[in-house]
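Below: one structure in structure tokens.
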Amino acid sequence: MLEKMLPLKFSRHICTLSTANLTDGHLSHNNNLASESKSSGQNPCFQNVMPLNKILSTCVQAHQIQYAEELFDKMPLKDVVSWNTMLSAFNKTKNPARVCKYFKEMQRVGIVPNEYTISIVLRAVVDKTFNILVPQIHARVVSLGLNLSLFVGSALIRAYAAVGDQMALSRVFDEILQKDVTSWNALVSGYMELGRISQAQRVFDAMPEKNTVSWTSLINGYIGNGRINKARSFFNKMGNRNVVSWTVMITGYVQIERFVDSLKLFCLMMQSDTRPNHFTFSSVLDACAGCSSLVMGQQVHSIILKAGVPNDVVLLTSLVDMYGKCGDIVAAFCIFDSMEMKNLMSWNAIIGGYARHGLATRALEEFERMIKSGVRPDHITFLNILSACGHGGLVEEGEKHFGSMGTEYGIKAGVEHYTCMVDLYGRAGQLDKAEKLIKGMPFEPDVIVWGALLGACGIHSSMELGEFAARGIQKLKENHAVAYSILSKIHSERGEWNSIAGLRKMMKQRHVQNQKAGSWIESPSKPNL
């Protein structure tokens, strides 16, 4: 059979070249191969599916999905590996529609799905638009005789958990004849995802064998259900913690903004035998950014450099974000500018950094560079841009970008974007525009929107509009001391002392207390790590 196909030596040569091109960041050889495949009848290279699968995988790993599609479409021979590679590519690029289309097509041409195929498709169809397909895929699994497979069974449990079907999840677990620790772990995670904490705990307690993943799944479940202290309790009981369990616990603290606790835990991790990876460092840098600790952030950066952790886009973006939020915008830009690959989050980090520092022009310049590079903005990008325009007093620029969100990019403005615009108008003293915008909002203003307007009224001593904003806050049954303080300030500037006395009486009746101010002072001479 092999004698009739491409010589093995040449097959290896093609695979070596494609892998080398991936390493060097070039795909020209692979692209040529895709175009040469038009004459596949004459070229013996394209009679052998194995080297082509290797090149296909290389394209996918290099995120060159278009080239992978071109090659795939022109391949005269395709096996289940070829189809799985394309399914995996579309799943990674969050394209469930293409996954479903290719899954249907591969069966139409006679390729029988294997366990890996099913797991890819199940991960894709948990999307809200396609989750009705999970039972259909389950039926196909049964017809293929894969329902007793541990691998497929665990994938089905995760899928049914994602779509919220507890009965089906339990039924799949019961159908697995020889359960291993992986299937038990999937059940624990599934119940946790559904918010069935007590059932997840009972399953965990009943497990005949537990590994590090079991403990981590339980801890992650408690974190996901808002019970961080319970998660920490089980974390402390763990015998063997690995980098994933440490990272899950540290990230849990970051998610609920307990930044100091996450940094303390990171210090304990550094004293253990477990070395952090780039995911750990990314979360720790988020904690440094959250508490604006430049000293700690610099120390973590130093540890990263000493540890020789590979610089990937996620870690470098976290560094950009940390320096931008901790006051060193020069360091943030130096790291950003050195990045060979930049994703949307990288651009958002540097634009947000400039916006935070009041460098509106630089933020807008980076936005233009981002658009020219082919990266499409998202709602966070526009929050940063509108914030930059507000700090820079660029009313016309802000209005232009606010309008372009829907017309050019199809992004629906949320309450945060309206808040930025109210703040923009307020800072510029255009309170009439701020009022008009609030009255024309497609949803009810929240306390933050009213607060932005009230703050502007305090700056510009607008009593009438300030009371309008205060009434808006009161309608939400929100008793914010700041609102009373701003109104009191406006009254005092007008010498309306009786009104101030009335406000204080109202605060007392509603049990509203002024919050004490505080400051975070960091000593650069005192090392923390």
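Quickly run through segment 328-342 and pick out the residues that are surrounded by 15 or more Cβ atoms within 10 Å (Cβ to Cβ) and either among the aromatic types (F, W, Y) or out of contact with any His (no Cβ under 6 Å at 6 or more places or on another chain) (or both). Before the answer, list the steps.
Within segment 328-342, the subset surrounded by 15 or more Cβ atoms within 10 Å (Cβ to Cβ) is 328-329, 331-333, 335-336, 339, 342.
Across segment 328-342, the qualifying residues are D328, A331, A332, F333, I335, F336, M339, K342.
Please indicate, with yes or no, whether at least one residue in segment 230-240 is farther than 25 Å from K264 by Cβ, aliphatic (A, V, I, L, M) and touching a residue at least 24 places away in the same chain (Cβ under 8 Å).
Looking only at segment 230-240, we keep the residues that are farther than 25 Å from K264 by Cβ, and these are none.
So far as segment 230-240 goes, no, none of its residues is farther than 25 Å from K264 by Cβ, aliphatic (A, V, I, L, M) and touching a residue at least 24 places away in the same chain (Cβ under 8 Å).
All but one of (1) of a type outside the set (F, W, Y); (2) surrounded by fewer than 19 Cβ atoms within 10 Å (Cβ to Cβ); (3) under 23 Å from the mean Cα position of the chain (by Cα) hold for A307; which doesn't?
(3)
Turning to a different aspect of this structure: Look through N225, N240 and report the one residue that is surrounded by fewer than 22 Cβ atoms within 10 Å (Cβ to Cβ) and at pLDDT 95 or above. First the steps, then the outcome.
Working: N240 fails: at pLDDT 95 or above.
Exactly one of N225, N240 is surrounded by fewer than 22 Cβ atoms within 10 Å (Cβ to Cβ) and at pLDDT 95 or above, namely N225.
What helices (runs of 4 or more DSSP H) completely inside segment 130-213 contain at least 2 residues that are within 24 Å of T117 (Cα to Cα), out of contact with any helix residue (DSSP H, G or I) (no Cβ under 7 Å at 6 or more places or on another chain) and not hydroxyl-bearing (S, T, Y)? Let's see the steps before the verdict.
Details: elements: 134-144, 150-163, 166-175, 181-193, 197-206.
Because the criterion is at least 2 residues that are within 24 Å of T117 (Cα to Cα), out of contact with any helix residue (DSSP H, G or I) (no Cβ under 7 Å at 6 or more places or on another chain) and not hydroxyl-bearing (S, T, Y), the helices (runs of 4 or more DSSP H) in segment 130-213 that meet it are 134-144, 166-175.
Go through V422, V415 for me and flag whichever is at pLDDT below 95 and either surrounded by fewer than 20 Cβ atoms within 10 Å (Cβ to Cβ) or not assigned by TED's automatic domain parsing to the domain that holds G458 (or both). Please lay out each step first, then the result.
On the way: V422 fails: either surrounded by fewer than 20 Cβ atoms within 10 Å (Cβ to Cβ) or not assigned by TED's automatic domain parsing to the domain that holds G458 (or both).
Within the list V422, V415, the selection yields V415.
Exactly one of these conditions fails for A231: (1) surrounded by fewer than 21 Cβ atoms within 10 Å (Cβ to Cβ); (2) among the hydrophobic types (A, V, I, L, M, F, W, C); (3) touching a Gly at 6+ places or on another chain (Cβ under 8 Å). Give me its number.
In the conditions (1) surrounded by fewer than 21 Cβ atoms within 10 Å (Cβ to Cβ); (2) among the hydrophobic types (A, V, I, L, M, F, W, C); (3) touching a Gly at 6+ places or on another chain (Cβ under 8 Å), A231 misses (1) alone.
Now a separate question. Quick check on my filter: what residues within segment 447-468 are surrounded by fewer than 17 Cβ atoms within 10 Å (Cβ to Cβ) and within 12 Å of R427 (Cβ to Cβ)?
Listed by number, the residues that qualify are I459, H460.
On to the next question. Having 2 or more residues that are farther than 30 Å from S461 by Cβ and hydrophobic (A, V, I, L, M, F, W, C) is the bar; report the helices (runs of 4 or more DSSP H) wholly within segment 358-439 that clear it. So that I can check it myself, show each step before the final result.
Working: elements: 360-372, 379-392, 395-409, 415-427, 431-439.
Correct list: 360-372, 379-392.
The values are calculated or read from the model by the stated rules, or taken from the named source; none is laboratory data. Computed from a predicted model, the values in this text were never measured in an experiment. Backbone-built Cβ (ideal geometry, glycine too); neighbour counts: all protein chains shown.
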